[in-house]
1. Can you tell me the relative contact order of the chain? Whole percent, Cα pairs under 8 Å, sequence separation 6 or more.
2. Quick check: residue separation of LYS396 and LYS514 times 0.36 nm, minus the Cα distance between them. What number comes out in nm?
3. Let me know the shape class of the stretch 278-402, please: from the alpha-carbon gyration tensor, a ≥ b ≥ c as square roots of the eigenvalues, rounded when a/c is under 1.5, otherwise prolate if a/b is greater than b/c, or oblate.
4. Work out the FRET efficiency for LYS153 and LYS26 from their Cβ-Cβ distance, taking R0 = 30 Å, and round it to the nearest 0.05.
5. Hey, which lysines would be in cross-link range of LYS194, C-alpha to C-alpha under 22 Å, not counting anything within fewer than 8 residues on its own chain?
6. Give, as ranges by residue number, the residues of the stretch 420-443 whose backbone N falls under 18 Å from the point 7 Å along Cα→Cβ of ASN496.
7. On alpha carbon coordinates alone, what is the Rg over Rh value for the chain, Rh being the Kirkwood radius?
8. Using all C-alpha to C-alpha distances in the stretch 454-497, build P(r) with 10 Å bins and read off the rounded percent in each one.
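The values are calculated or read from the model by the stated rules, or taken from the named source; none is laboratory data. On a predicted model such as this, the values are computed, not experimentally measured, just so you know. Cβ atoms come from the backbone with ideal geometry, glycine included; neighbour counts cover every protein chain shown. Side chains included, ligands, DNA and RNA excluded: accessible areas come from the protein's heavy atoms. Shrake-Rupley method; radii C 1.70, N 1.55, O 1.52, S 1.80 Å.
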Amino acid sequence: PGEHRFLEGVRAWAGKLVDKPVRPTKPKAKSLQDRLLEGTSIGRKLIHQQSMKSLNSKTKGKYIGQYKALECVLYSATHGKDASLANEAEQFSKLLVTPESKNMTALYFLDDGMKKVEKKTGMAKEKIPQVKKVGVIGAGVMGSGIVHYFANKGYQVAVKDLDQEVVDKGIKMVEAEFNIAVKKKKMDEAGKAKKMALITGGTSDDLFRDCDIIVEAAVEVMSIKKKIVQALESAGILDGKRLFATNTSSLSLTELQSVSKFPAAIVGMHFFNPVAKMPLVEVIKGKETSQEAAATIFNLAVKTGKKPIIVGDAPGFLVNRILGVYMAEAGRMCINDRADPLKVDKAIVNFGMPMGPFRLLDEVGLDVATHVGPVLENGLKSKRFAVSGNIDNMVKEGYLGKKNKKGFYRYEGEKEAGMNTSVTNKFVCPNPDPSFPEADIIDRCVLLMVNEAAMILAEGVAETAEDVDIGMVWGTGFPPFRGGLLQYADSRGAKNIVDRLNELATKLKDDRFKPAALLEEHAKNNTRFFPCLLYTSDAADEEDSVDLGGRRIIKKKKKKCT
């Protein structure tokens, strides 16, 4: 498992230090304030209270390592060096074998494995074309976010929109982001000027003649995207060498390729909003997308600090498809079964998600949700993605979510200020059932995500369980301490999940809970999404190790663990 590699790394690092002389450090003089805080019981109590307040705010009590670290610091303030070091070693050794530690260690190696471009793309790194200049179509919120991202990473960027006024506004949004960085002292004015000089903008396609790739961030309408492709090909800009990377969140790459003379050069590069903060990029392969095109975008994402996964062309791809079934179920629970929306959001946050489904709907935009829902429902021919007409009514009455400060939550400036119960009572659940079980909330939302992920794997939309967990952790904020969606499924057990899904299907009389065939197979064979293989011998050569996406290591002598 991941922790074995961690211990191997520690041993190797410690071995390098053995022959090095110890250099004692001279302690720094403490200020009066530090002496009062650290040297008195009242001061230490204040540090403890403020630190706990900060930890509770940042970790929601889910990451015990930080709390144990604080305990060790406070212990050392009232005990000698030897006792303090012994206490720290004891606490660390206890934490090292916790499920949370193993999950976080495994995620580290999962992240590291994602950066192995050759393995992930099947192309030698030196054969993957390099990108020097990026074109961006669309200067709205998403387009300007993409422009800012590439310019911030040192790439030349050309941005185009239909109206020069829109282009200018988009470039001003980019400048505003750099101004924030200057204010936070992350860059100086000279650095900002250097970044801004990388950006050009206008309304002509000629801007893209020296670009290596063109990232399209126009409105999510297939007919418009098709016209853009055809216009660029007519102008000789898309010529089979220059890549066209659409930022679509749900539309079919294969359909878009159907109007192109050079379908192999069309690929998906799906950023998540806000671009600067969301690490994930879905690299989408349509039916005709070349290996080189997908590898170029994957490599570019890695080089610019993103966490890419390659996914197949299917409605919603990976992340939006899983989120679609999750958010639809949350709405169904409240509208049909009288669950309290506030209780739903609290239960999901308590599970470890960064926000509940109703808060997420506000962030995404209710208008976006009502657009993507039917795409998933019609494309996958399933009512499990159906968006209630109540949400359509909210959009018709001007409730779009955070973007216009009208949604399930109230907003004071940019900050959320609590659920707007007058809105939820009117549109979602006027008479919530206080006895609705929290366990049902979690299982109906989370286990449907697991079930959807199993279907995605079986369909080949995602190639590996590792890709699913990278997508869910870095694309949705699925709790890292749980290791990822499918690692959570493994820890809970396939049989347990299948039994629970069947129980919900019987209770609610709905086949949307029917377990996926892959889940049933794991339950029947007592197997896992991530095969568990244990060491049986310490004497094995590194050459005989096999890396399974960072989750497990197999040595010469091995024994399958089910």
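1. Details: 862 pairs, mean separation 71.4, N = 562.
Answer for the chain is 13 percent.
2. On the way: separation 118, 0.36 × 118 = 42.48 nm, distance 3.37 nm.
Working it through step by step, the gained length comes to 39.1 nm.
3. Numbers: a/c = 2.37, a/b = 1.73, b/c = 1.37.
In terms of gyration-tensor shape, prolate.
4. Numbers: r = 40 Å, r/R0 = 1.34.
Efficiency at R0 = 30 Å is approximately 0.15.
5. Result set, ordered by chain and number: LYS132, LYS133, LYS153, LYS160, LYS169, LYS172, LYS183, LYS184, LYS185, LYS186, LYS277, LYS303.
6. So the set is 438-443.
7. Values: Rg = 25.9 Å, Rh = 26.3 Å.
With Rh from the inverse mean 1/r over Cα pairs, Rg/Rh is 0.99.
8. Using 10 Å bins, I get a P(r) of 30, 53, 17 for the stretch 454-497.
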